[in-house]
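The values are calculated or read from the model by the stated rules, or taken from the named source; none is laboratory data. Quantities reported herein were computed from a predicted structural model and do not represent experimental measurements. Cβ placement follows ideal geometry from the backbone for every residue including glycine, while neighbour counts extend to all protein chains displayed.
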Amino acid sequence: MLNEALMALAAAGGVGVVQAASTDAWVTFRQQLASLLGHGDSQRERIELERLDITAAALGGAENDDLDLVRSRQEGSWQARFETFLEGLGDREREEVAASLQSLLEGYSQDASRGGSEWNGNVRMTARASGSGKVYQVGQGNLHVSGT
């Protein structure tokens, strides 16, 4: 049985996998995570890469109405995967792997924050103008409007 801190780390790992899957950092993140979970075994590493690819495909193929459900399922699946993996390690090894996982998650989080905007879930923008009103929206980045 894992202690509270390791359970929280497993949960954070599940969220981290799902968040990373839709970013530019995914290729590096998935390789590092597969290496960590493969634990020096190239066949296990390939299996983890396949699992990560299945996750990315499920998230990428989800319809907008189903995206939150798919994200939640994938987060839970990866949380369970991390819990099972950590439970199978000896105490000393568990500490080392947990520290590596924590470092990977923190590194990804820092990379994401340097990249600008970060959000979780769907984003929907709506606007209405009437009469001679104008509406300007931007999904990401800056919007500069000049003139009248």
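If I filter region 13-34 down to residues being surrounded by fewer than 19 Cβ atoms within 10 Å (Cβ to Cβ) and small (Gly, Ala, Ser), which single residue comes out as nearest to Asp91 (Cα to Cα)?
Applying the filter and picking the extreme gives Ala25.
Can you confirm whether region 61-70 contains a residue that is at pLDDT 95 or above and touching a helix residue (DSSP H, G or I) at 6+ places or on another chain (Cβ under 9 Å)?
There is at least one residue in region 61-70 that is at pLDDT 95 or above and touching a helix residue (DSSP H, G or I) at 6+ places or on another chain (Cβ under 9 Å).
This table checks each residue for (1) more than 20 Å from Leu67 (Cβ to Cβ); (2) assigned to a helix (DSSP H, G or I).
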position: Leu2; (1), (2): yes, no
position: Leu9; (1), (2): yes, yes
position: Gly16; (1), (2): no, yes
position: Gln19; (1), (2): no, yes
position: Thr23; (1), (2): no, no
position: Val27; (1), (2): yes, yes
position: Ser35; (1), (2): yes, yes
position: Leu52; (1), (2): no, yes
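Residue by residue, here is whether (1) within 18 Å of the chain's Cα centre (by Cα); (2) farther than 16 Å from Met7 by Cα; (3) surrounded by fewer than 12 Cβ atoms within 10 Å (Cβ to Cβ) holds:
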| residue | (1), (2), (3) |
| --- | --- |
| Gly40 | no, yes, yes |
| Glu45 | no, yes, no |
| Leu49 | yes, yes, no |
| Gly60 | yes, yes, yes |
| Val70 | yes, yes, no |
| Ser77 | yes, no, no |
| Glu83 | yes, no, no |
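Got a sec? Which of Leu6, Leu37 is without any contact (Cβ under 8 Å) to a residue 60 or more places away in the chain and under 24 Å from Asp91 (Cα atoms)?
Leu37
Kindly indicate which of Glu83, Glu48 is in a helix (DSSP H, G or I) and in contact (Cβ under 8 Å) with a residue 60 or more places away in the chain.
Exactly one residue qualifies, and that residue is Glu83.
Just to be sure, is Ile54 surrounded by fewer than 17 Cβ atoms within 10 Å (Cβ to Cβ), under 15 Å from the mean Cα position of the chain (by Cα), at pLDDT 95 or above and not small (Gly, Ala, Ser)?
Judged against the criteria, Ile54 is a match.
Within the set of pairs 6 or more residues apart or between chains, which connect a residue that is farther than 14 Å from Gly16 by Cβ inside region 97-117 to a residue that is modelled with pLDDT of 85 or more and surrounded by 14 or more Cβ atoms within 10 Å (Cβ to Cβ) with Cβ atoms less than 7 Å apart?
Val97/Leu36; Val97/Leu86; Val97/Leu89
Taking the conditions exactly as written (surrounded by fewer than 18 Cβ atoms within 10 Å (Cβ to Cβ) and of a type in the set (Gly, Ala, Ser)), does Ala5 satisfy them or not?
So Ala5 passes the test.
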